[in-house]
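These notes concern the structure reproduced below.
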Ligand code: 13P
């Protein structure tokens, strides 16, 4: 049984001041730490201030992306070591918005995962099919390919540091959540795939999050599924009230 993880991906939202205020309100909503791992992923500019704000609390800090190189002439990019220094413990890798809007393919995502693990960041590795792929009956093949190529050269120990997020692209920001059964089917197949490659223990210990229009209303039925270990929340993580309700589902 994996400890539930609730992660908020803020995407390109919140200034430094807004991030500080959000964290302060989130802390005060839980005078004692909730029985969940709670992660927030602010934009790069707010990471330093958010790291100060979460210090000594139950909240962990994630970045939304990293560059795969250690350092170099990569204008506009941020390395894993820089994220560690800023106070991050986690980093989202391979989000569908990075894949579709910024052209990140499985090979690049694989290098980012290795770079994150190399500096001790826990990657939240996102996979998921588009509506067209699902309708064409290619869901399994697409997700398996993302796993196979994305996890190339990762060791069993690396899998111990990994979190996977299944985010069907058609459910992101659309208000269309996958049904608990649809999500569970994919989560189970991801766990089986990990078990075949890395053994049953790694598979059982792996946290697999669901993402895509998660709200305070649908979180409980999603979390009731045996292979759903948490949620990666976009829109509903931006308001303290709804994020608190999701954490306390
Ligand atoms: P929404 O919760 O807004 O659908 O976003 C999901 C997501 O992309 C989280 O990474």
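Values in this text are rule-based calculations from the coordinates and carry no lab data. Because the structure is predicted, anything quoted here is derived from the model rather than measured. Backbone-built Cβ (ideal geometry, glycine too); neighbour counts: all protein chains shown.
Points worth noting:
- Helical content of the chain, expressed as a calculated mean residue ellipticity at 222 nm, amounts to -13000 deg cm²/dmol (DSSP H runs of 4 or more residues, -39,500 (n - 2.57) each, divided by residue number, nearest 500).
- Considering only Cα atoms, the convex hull volume of the range 14-53 works out to 63 Å³ per residue.
- Modelled spin labels at residue 52 and residue 240, positioned 7 Å past Cα toward Cβ, are 1.8 nm from each other.
- With neighbours defined as other Cβ atoms within 10 Å of a residue's Cβ, the residues 233, 186, 127 order from fewest to most as 186, 127, 233.
- Computed FRET value (nearest 0.05) for residue 156 with residue 107, which takes r as the C-beta separation and R₀ as 22 Å: 0.55
- Taking the number of Cβ atoms within 10 Å of each Cβ as an exposure proxy, the fewest-first ranking of 112, 201 is 201, 112.
- Cβ-based exposure ranking for 198, 74, in which fewest neighbours within 10 Å come first: 74, 198
- Label zone of residue 89 (point 7 Å out along Cα→Cβ, amide N under 14 Å): in the range 142-167 this covers 161-163.
- Where labels lie 7 Å past Cα in the beta-carbon direction, separation of residue 148 and residue 179 in nm: 2.9
- Stokes-Einstein diffusion for the chain, with the hydrodynamic radius set to the Kirkwood value over Cα pairs and evaluated at 25 °C in a medium of 0.890 mPa s, equals 136 µm²/s.
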